[in-house]
Amino acid sequence: MTTVTDTELGKLEQALRRGRRARSGERETAAAAAERVSSRIASEGLADITYAPVDSPFGTLLAAATSKGLVRLAFPEEHVDAVLGGLARRISPRIIEAPASFDAVRRELDEYFDGSRRAFELEQDWTLMSAFGRKVLGATYDIPYGGVLSYAEVAAEAGSPRGSRAAGNALGSNPIPIVVPCHRVLRSGGNLGGYGGGLDRKRYLLNLEGALPDGR
Amino acid sequence: MSVSYGVSRPIRSGPRARTMAGGLPPFQRFLDTHSECVWRFLVSSVGPTDADDCFQETFIAALHGYPRLRAGSNLRAWVMTIAHNKAMDTHRARARRALPVEDVAAVDDRSTASPRAVEETLWSAVRELPDRQRSAVALRYMADLPHREIAEAIGCSEEAARRSLHEGLTKLRKVVSK
């Protein structure tokens with residue numbers, strides 16, 4: 001084998017790197033290729049979870065779904081990486097962005113926020129809820145638009161009449177707020193209680209539904 | 001509305017599942033992080049026409065194996081191994097069909113008449129190197145991989161990777177010294 005001198009090698013390496021720089025549009029072509037992979041994975045149903053940003057009066061929400069339906073709806077201040085990281089740990093890391101598959105979610109949320117929709121019909125996946133959480137949020141799901149229940153009432157509906165604090169915790173960790181209407185649960189006596197997305201939003205949703213006639 | 005409780009696919013639990021899935025970023029992040037590196041390598045190894053197919057196959061294959069990866073795996077070396085294998089498949093398929101390696105004009109038609117022609121000639125010479133040398137050169141100068149990761153991607157010892165890189169450069173020297 002002939003020996004390559006340092007000078008020659010240096011010249012060659014420079015030429016190889018120049019050739020690379022000459023392909024100036026490569027970052028964009030790579031990004032476009034990655035987008036084609038994303039949409040193919042989404043359209044062929046190869047991912048376990050898809051996600052997309054969804055607009056709302058509260059700002060941009062992050063919606064995530066499994067093949068069974070909407071599994072997570074996150075408020076704008078929840079960090080995207082934290083939300084997706086949690087889904088990766090708890091369900092599967094096969095997570096891909098797929099804006100096109102959230103049209104139904106966007107439509108129903110838009111209709112809800114403009115007051116023309118009183119019940120959600122979109123498919124849901126309650127995998128992220130604990131067994132008790134499913135009972136509490138199941139009871140919450142049955143509260144009609146414009147109605148409210150107390151924490152104690154929801155706990156009783158869920159089969160544990162003394163568990164209003166536990167019910168509060170289950171409501172606080174609702175993975176699909178707005179759609180699963182945990183905002184319809186108040187403290188006995190009418191005090192708003194708590195809300196994962198902040199009390200202003202709870203008040204906003206209750207006013208939207210006409211559940212706070214005295215404007216609390 | 002229909003609500004599913006996910007009974008048919010329970011949430012993974014137990015220490016084994018946790019160590020595997022715990023440290024993995026969502027696949028979308030993995031794709032965003034490594035797409036440029038994989039793309040550069042494939043364009044230089046198989047040429048722009050076949051690069052897209054190889055790129056798609058690389059990441060679809062990665063998606064299938066992704067949840068089984070160990071936490072703390074070197075994700076870049078792993079995906080470059082898959083990309084290297086896909087590139088090898090493409091080169092083998094071409095050899096069977098006796099198709100020539102893409103010529104200079106196909107590499108980038110914007111640069112055929114430009115001063116960049118030397119570099120493009122060089123890269124088309126890279127595509128004509130023997131498999132292991134071509135991969136070593138492309139992984140080193142297009143994807144910026146260190147020798148250890150080049151060895152992992154090609155599936156050889158670090159020493160053998162260094163040797164392939166050196167042999168490849170020795171052949172390419174003739175192109176620039178012309």
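The values are calculated or read from the model by the stated rules, or taken from the named source; none is laboratory data. As the structure is a computational prediction, the values presented were derived from the model and not from experiment. Neighbour counts run over all protein chains shown; Cβ positions are idealised from the backbone, glycine included.
Would you point out the residue of segment B:143-178, among those that are among the hydroxyl-bearing types (Ser, Thr, Tyr) and within 11 Å of another protein chain (Cβ to nearest Cβ), that is nearest to A:Ala30 (Cα to Cα)?
B:Thr170
Here is a list of conditions, (1) at pLDDT 95 or above; (2) among the β-branched types (Val, Ile, Thr); (3) crowded, with 18+ Cβ neighbours inside 10 Å, and B:Val43 meets all of them except one; can you say which number that is?
Failing condition for B:Val43: (1).
Please note which helices (runs of 4 or more DSSP H) are completely contained in segment A:1-106 and include at least 2 residues that are in contact with a strand residue (DSSP E or B) (Cβ under 8 Å, 6 or more places away or on another chain).
In segment A:1-106, A:26-43, A:80-90 are the helices (runs of 4 or more DSSP H) which contain 2 or more residues that are in contact with a strand residue (DSSP E or B) (Cβ under 8 Å, 6 or more places away or on another chain).
Regarding B:Gly65, is this residue over 11 Å from the mean Cα position of the chain (by Cα) and in contact (Cβ under 8 Å) with a residue 60 or more places away in the chain?
no
Check A:Leu128 against each of (1) free of Cβ contacts under 8 Å to residues at least 12 places away in the same chain; (2) at the interface with another protein chain (Cβ under 9 Å from one of its Cβ atoms) and name the one condition it does not meet.
(1)
If I filter segment A:43-58 for residues that are out of contact with any Phe, Trp or Tyr (no Cβ under 7 Å at 6 or more places or on another chain) and closer than 30 Å to B:Leu165 by Cβ, do I get at least one hit?
no
Here is a list of conditions, (1) assigned to a helix (DSSP H, G or I); (2) more than 9 Å from chain A (Cβ to nearest Cβ); (3) surrounded by fewer than 22 Cβ atoms within 10 Å (Cβ to Cβ), and B:Ala138 meets all of them except one; can you say which number that is?
In the conditions (1) assigned to a helix (DSSP H, G or I); (2) more than 9 Å from chain A (Cβ to nearest Cβ); (3) surrounded by fewer than 22 Cβ atoms within 10 Å (Cβ to Cβ), B:Ala138 misses (3) alone.
Could you list, in sequence order, the residues of segment B:10-26 that are in contact with a Ser or Thr (Cβ under 9 Å, 6 or more places away or on another chain) and modelled with pLDDT of 90 or more?
At the first step, the residues of segment B:10-26 found to be in contact with a Ser or Thr (Cβ under 9 Å, 6 or more places away or on another chain) are B:10-12, B:21, B:23-25.
Correct list: B:Leu24, B:Pro25.
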